[in-house]
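What follows is one structure encoded as structure tokens, with my remarks underneath.
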Amino acid sequence: MTVAGIICGLGNPGPRYSSTRHNAGFMVIDRLIQWAGKIPEEQVRQKKETQDYILWEWARLYCPERWLLLKPMTFMNRSGAALSKVFSKSMVDVDRLLIIHDEVDLPVGKIQIKSGGGLAGHNGLGSIANDLGTRDFVRLRFGVGRPEPGLDLSQYVLGKFLPGETQLWDQALDMAVQVIESFRDGGLGKSRDKISMLFNQPRQEET
């Protein structure tokens, strides 16, 4: 089967960082694998695990294409080192590379998708742009909110969601899976339509 695209969720390895805001990308990948495991037509199997990354294959039954699901294990600020090893061998176009990351400029429960643009100081995106030599990959921005004034941003994103936010981010995980499925089936345009439908809002402009 040919590799049709790569879905890469960003985060930090180890129990210390599990379920923190900065690990939103890892959590979306986990939810996607969990979802696919309940649907007979969806097939996910772990393909490879190294010190740098964990890689799964995601395919639909009787479909000749497969997608790769990736978790870099190199810590956030070296995400590009892990991703580049997989991307360079995949022969995938950059517009079929989707990066899932935490986004402090979106409130908890909101998600957006965009292609290219700035990096907003995100270390994981910066590492990927540097190692791949381009910013033209697609980003699924998972809202984690901003800290209260005076609180340290790095400590905030390395903290866990608050009890009052649990339902919102859990719902957002499920919606992120639906958006990723739409991206797989129809690219950026279809995934934008899905977000518009989920949040009952005007369709995002193309970028």
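A few notes on this one:
- Filtering the stretch 57-81 to residues that are farther than 13 Å from residue 7 by Cα and in contact with an Asp or Glu (Cβ under 7 Å, 6 or more places away or on another chain) leaves 60, 61, 73, 74, 80, 81.
- Residues satisfying the stated conditions in the stretch 134-164, i.e. part of a loop (DSSP other than H, G, I, E, B), among the small types (Gly, Ala, Ser) and touching a helix residue (DSSP H, G or I) at 6+ places or on another chain (Cβ under 9 Å): 145, 159
- Here residue 124 fulfils each of the conditions (1) without any contact (Cβ under 8 Å) to a residue 60 or more places away in the chain; (2) among the small types (Gly, Ala, Ser); (3) in contact with a His (Cβ under 8 Å, 6 or more places away or on another chain) apart from (1).
- Exactly one residue out of 114, 71, 89 is out of contact with any Ser or Thr (no Cβ under 6 Å at 6 or more places or on another chain) and assigned to a strand (DSSP E or B): that is 71.
- Given (1) over 30 Å from residue 199 (Cα atoms); (2) in contact (Cβ under 8 Å) with a residue 40 or more places away in the chain, number of the condition residue 51 does not satisfy: (2)
- Any chance residue 151 is modelled with pLDDT under 95, surrounded by fewer than 17 Cβ atoms within 10 Å (Cβ to Cβ), closer than 15 Å to residue 21 by Cβ and not charged (D, E, K, R): yes
The values are calculated or read from the model by the stated rules, or taken from the named source; none is laboratory data. Note that the structure is predicted; figures quoted are calculated from it, not measured. Positions of Cβ are generated from backbone atoms using ideal geometry, with glycine treated the same way; all protein chains shown enter the neighbour counts.
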